[in-house]
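Working notes, structure below.
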Amino acid sequence: MTLIEKLLFSVLHAAPDSGAASGGGPARSRAVDPEDKEARRSAILDAAARLFEERGELSNVADIAQAAGLAKGTVYLYFPTKEAVYLALHQRQLEAFFLRLCEQLTGPGAFTVTDMGALTQEHFLRNRRYMPLCAFCMGFAPDAVPEAIWDEFHGRLGKHMMTAGSAIEQRWTHLAPGEGVRLLKHSYAMMVGLFHLLGGHGHHAEVSRPTLPGLGSYEDEALIALFRYWTAVVGPDGASHATTQP
């Protein structure tokens, strides 16, 4: 039996909610209805997000279960490892960004480089959980998350990027096919790189790093880099080749 098969087998045969969640209190009954299952999954992710905000590190499954008011075995029905929980949380954050981005790109009115900067601030730069969690996910051991879950993560992220990239090319019609996706990938790589360059890590960690002269805060530097890069590729705000959706 392969590692993935073993993990799937352990999930399918995890103990049901027969006792109390760690820390006391009655455990909730097993969800059967699809809406109940989605609500249970969201509750697990919400609990993991709260713990990450408090601790600045990945919590174990027992702590996540307790914070969600669930039995530990229930969490394993949805996620095989704690890393899988936090990857799903990272995916939820990314999908929220792409949903808003595509809404604005395909909606009525203009969408400018300034608008892209504001959206990036809201979802990435001012969200204290986002970049630290992204850094953790990038550093997961190869076997921390089953391959099937990684494949689903990359597949869904790829679809969102293709949709948003196509919408960018419809807004800035001078861009060649594929340039919208490349713009998004390069922008993301730039933000992640600056986060590490400026000493990014878990936001409660205190690690002594040498100060690089001439650089401001991560948020300021990321916005400057993003604005300059997008302006160089699509043109400045108000340029004639930027279209407005009817």
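Filtering the range 79-113 to residues that are in a helix (DSSP H, G or I) and closer than 24 Å to residue 66 by Cα leaves 82, 83, 84, 85, 86, 87, 88, 89, 90, 91, 92, 93. One residue stands out in the range 191-211 among those that are surrounded by fewer than 16 Cβ atoms within 10 Å (Cβ to Cβ) and part of a helix (DSSP H, G or I): the one that is modelled with the highest pLDDT, namely 193. Among the numbered conditions (1) within 19 Å of residue 237 (Cα to Cα); (2) among the aliphatic types (A, V, I, L, M); (3) in a loop (DSSP other than H, G, I, E, B), the only one that residue 116 does not meet is (3).
Could you list, in sequence order, the residues of the range 38-76 that are charged (D, E, K, R) and over 20 Å from the mean Cα position of the chain (by Cα)? Listed by number, the residues that qualify are 63, 72. Taking the criterion of being assigned to a helix (DSSP H, G or I), charged (D, E, K, R), more than 20 Å from residue 148 (Cβ to Cβ) and without any contact (Cβ under 8 Å) to a residue 12 or more places away in the chain, the residues of the range 33-62 that qualify are 35, 36, 54.
When 179, 152 are checked against the criterion of being in contact with a helix residue (DSSP H, G or I) (Cβ under 8 Å, 6 or more places away or on another chain), outside the structural domain of residue 63 (by TED's automatic domain parsing), more than 25 Å from residue 219 (Cβ to Cβ) and acidic (Asp, Glu), a single residue qualifies: 179. Of all residues in the range 63-113, count the ones that are more than 22 Å from residue 147 (Cα to Cα) and assigned by TED's automatic domain parsing to the domain that holds residue 142. Of the residues in that region, 18 qualify.
Among all residues of the range 56-69, there is none that is crowded, with 18+ Cβ neighbours inside 10 Å and in contact with a Pro (Cβ under 8 Å, 6 or more places away or on another chain). Restricting the range 150-175 to residues that are in contact with a Ser or Thr (Cβ under 9 Å, 6 or more places away or on another chain) and among the hydrophobic types (A, V, I, L, M, F, W, C) leaves a set whose member that is surrounded by the fewest Cβ atoms within 10 Å (Cβ to Cβ) is 167.
The values are calculated or read from the model by the stated rules, or taken from the named source; none is laboratory data. For clarity, every value in this text was computed on a predicted model and none was experimentally measured. Here Cβ is always computed from backbone atoms with ideal geometry, including for glycine, and neighbour counts include all displayed protein chains.
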